[in-house]
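Take a look at the structure below.
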Amino acid sequence: MSSYAAVRRPLGRRRVTIRLTEALRPARPSLPTPFAAQEVELVEVQAPREVQTIPPGGLTPLAGDDLKQIKAARLHLAVFGANPEDPYANKPVTLNGVAIGILPPNARHASDQWVEQILEIPAEKLAAIAVENVVVVANCGGDAFKFGDAALAVQRPDGTWVESNRDRAVYCSVGGGWPHHEGISFSTTSPPMKLTLPVAP
């Protein structure tokens, strides 16, 4: 993507422990500067704590009847310029022809910047998810916006997450007259984004 630096990372989460300032040692006074002879004392500014982050891969594929028993699902999108005010706010998102929610908008006073958004798919819509999925975003009120980096993630019965491929294209609701235009243009509804979940052989 040209204006959005997409970093591929799964949508599931894993716990890791980060200890600030651990394993650091004072620098030896070897440089010929006034500061080299100063004594250095490191102060721990924050106690060791456990945070949740996203690992760089390793999620297992779907197996057996996992798809029929998924506990949750979410759609990841990077969004730019999506106005949160009426009449532009309600941009419907469909998955395999089923409405799953409204495209999360940008902040009111910071709309012209890329923001990663997560659309949690309602529990009553999980039955619409298949191995091969098609996602479509519709415009509302003629808003000028763009989005991309689409990915679908589902939670298996054991609590682990499985992620689809990522659609790296940028989809833009207006043509070249918009200063932020890029990617594939559309007017009313976006081209279909094909998101396939991995399945164990």
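Every number here is computed from the coordinates shown, using simple stated rules; none is lab data. Here the structure is a predicted model, which means the values were calculated and not measured. Cβ sites come from the backbone with ideal geometry, for glycine too, and all protein chains shown count toward neighbours.
Please state the charge dipole magnitude for the range 66-196, taken about the Cα centre, from unit charges on C-beta atoms (+1 on K and R, -1 on D and E), reported in debye and rounded to the nearest 20. Please report the intermediate quantities before stating the final value.
On the way: 11 positive and 14 negative charges, 46 e Å.
Computed about the Cα centre, the dipole is about 220 debye.
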Worksheet item: What spacing in nm lies between the two simple spin-label points modelled at Thr188 and Gln69, each 7 Å away from Cα in the Cβ direction?
Response: 4.3
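Here are some pairs, Lys71/Lys91; Lys68/Lys91; Lys71/Lys125; Lys71/Lys146; which of them have Cα atoms lying more than 22 Å apart in this structure? The partial results should precede the final answer.
Details: Lys71/Lys91 26 Å; Lys68/Lys91 28 Å; Lys71/Lys125 11 Å; Lys71/Lys146 30 Å.
Distance filter (> 22 Å) returns Lys71/Lys91; Lys68/Lys91; Lys71/Lys146.
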Discussion item. To check my understanding: the extent here is largest minus smallest coordinate of the Cα atoms along each principal axis. What are those three numbers for the range 66-196, in Å, largest first?
Written reply: 47, 24, 22
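At a threshold of 8 angstrom on Cα-Cα distance, excluding pairs fewer than six apart, so keeping six or more, what relative contact order does the range 66-196 reach in percent?
Values: 318 pairs, mean separation 38.7, N = 131.
Rounded, it is 30 percent for the range 66-196.
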Practice prompt. Could you work out how far apart the two model spin labels at Glu85 and Thr60 are, taking each label as a point 7 Å from the Cα in the direction of the beta carbon, and quote it in nm?
Written response: 5.0
